Amino acid sequence: MAIKAYRPITPAQRQKTTEDYDQITTKKPMKSLLKAKKQQAGKNNQGRITVRHRGGGVKRHYRLMTYNLPKDLTLTVEEIEYDPNRSARIARVKDQNGTYYYVLADTKMTKGTTFKTGDVEVEDSNRLPLENIPVGTFVYAIELTPGRGAQMVRAAGASAQLMAKENGYATLKMPSGEVRKVLASCEASIGTVSNLQHQNIKIGAAGRKRRKGIRPTVRGVVMNATDHPHGGGDGGRHGSGKAPRTPWGQLTLGYRTRHNKKTNKMIVRSRHEGKRK
């Protein structure tokens, strides 16, 4: 995959880059696997903003993804498609019974390739329990709870490495650098999620961001003191003179926001470990 640059005919196009769409084989999604998607604009059912800087954007349909494929299937890739709801490409696959599914595409999937699920051999794209996968293998679409479906490592270009297996647990090195344990009976797919160059795209133009449904962000230091803890001042270029915080006074840099103590025992090495002095 490569990054595609524009031949600039406007100032914005001088910096803008985009993905190449060579892996994609069709522009038309499968109608039976589509669902209407309502624009929530970052608001909850009371109309209050719960996620800032959302709204507008192009209309899109949601693709009904399958993250927990049944066992003992042999699936053939019919098409590789673009999905506006995620960074990765998706694959339209058909099983031996003629049933269609949408699954995450990996870097090895092309039109016509096949893969299997269940207790199968260790090959690209196959989906099987971690206990049957050799140590050192790169995997994606990993379950946290057996049978619940893939919840981890689903973004474009992501993969986790299986580091060890002992006492019914598999140790994984996650894309963030975190090393954590999951039950060895959890399933994962072998390979790396497609669209490797996604993180290297330069948006280049404000309108492109708006079409994604992302509205502008205003810095706290340019607000008035009544609007943000960083606001106010004499117009100089200095900061607020206090530790960075949210508009509601919550500390941000270096402040821990993870409070899920139940799963602390599963984390062998924090993703912040290398950053600590």
Review point. Tell me, which strands (runs of 3 or more DSSP E) lie completely within segment 125-217 with 2 or more residues that are surrounded by 18 or more Cβ atoms within 10 Å (Cβ to Cβ) and either hydroxyl-bearing (S, T, Y) or within 19 Å of the chain's Cα centre (by Cα) (or both)?
Key: 138-140, 150-152, 169-173, 179-183, 187-190
Review point. Which one of these does L253 not meet: (1) modelled with pLDDT under 90; (2) within 30 Å of I24 (Cα to Cα); (3) not small (G, A, S)?
Key: (2)
Practice item. Hey, can you tell me all the residues within segment 244-273 that are surrounded by 12 or more Cβ atoms within 10 Å (Cβ to Cβ) and not in a helix (DSSP H, G or I)? Key: P244, R245, T246, P247, L251, I267, V268, R269, S270, R271, H272
Point to revise | Conditions (1) loosely packed, with under 12 Cβ neighbours inside 10 Å; (2) in the same structural domain as E143 (by TED's automatic domain parsing): number failed by N224 | key: (2)
**Study point:** Index of the failed condition, R237 passing every other in (1) assigned to a loop (DSSP other than H, G, I, E, B); (2) under 30 Å from A5 (Cβ atoms)
**Key:** (2)
Review point. Can you tell which of M30, M1 is at pLDDT below 90 and either of a type in the set (D, E) or surrounded by 12 or more Cβ atoms within 10 Å (Cβ to Cβ) (or both)?
Key: M1
Review point. So is T263 in contact with a Pro (Cβ under 6 Å, 6 or more places away or on another chain), within 30 Å of L144 (Cα to Cα) and not aliphatic (A, V, I, L, M) or not?
Key: no
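The values are calculated or read from the model by the stated rules, or taken from the named source; none is laboratory data. Just so it is clear, the structure is predicted and the values come from calculations on it, not from any experiment. Virtual Cβ from ideal backbone geometry, glycine too; neighbours counted across all protein chains shown.
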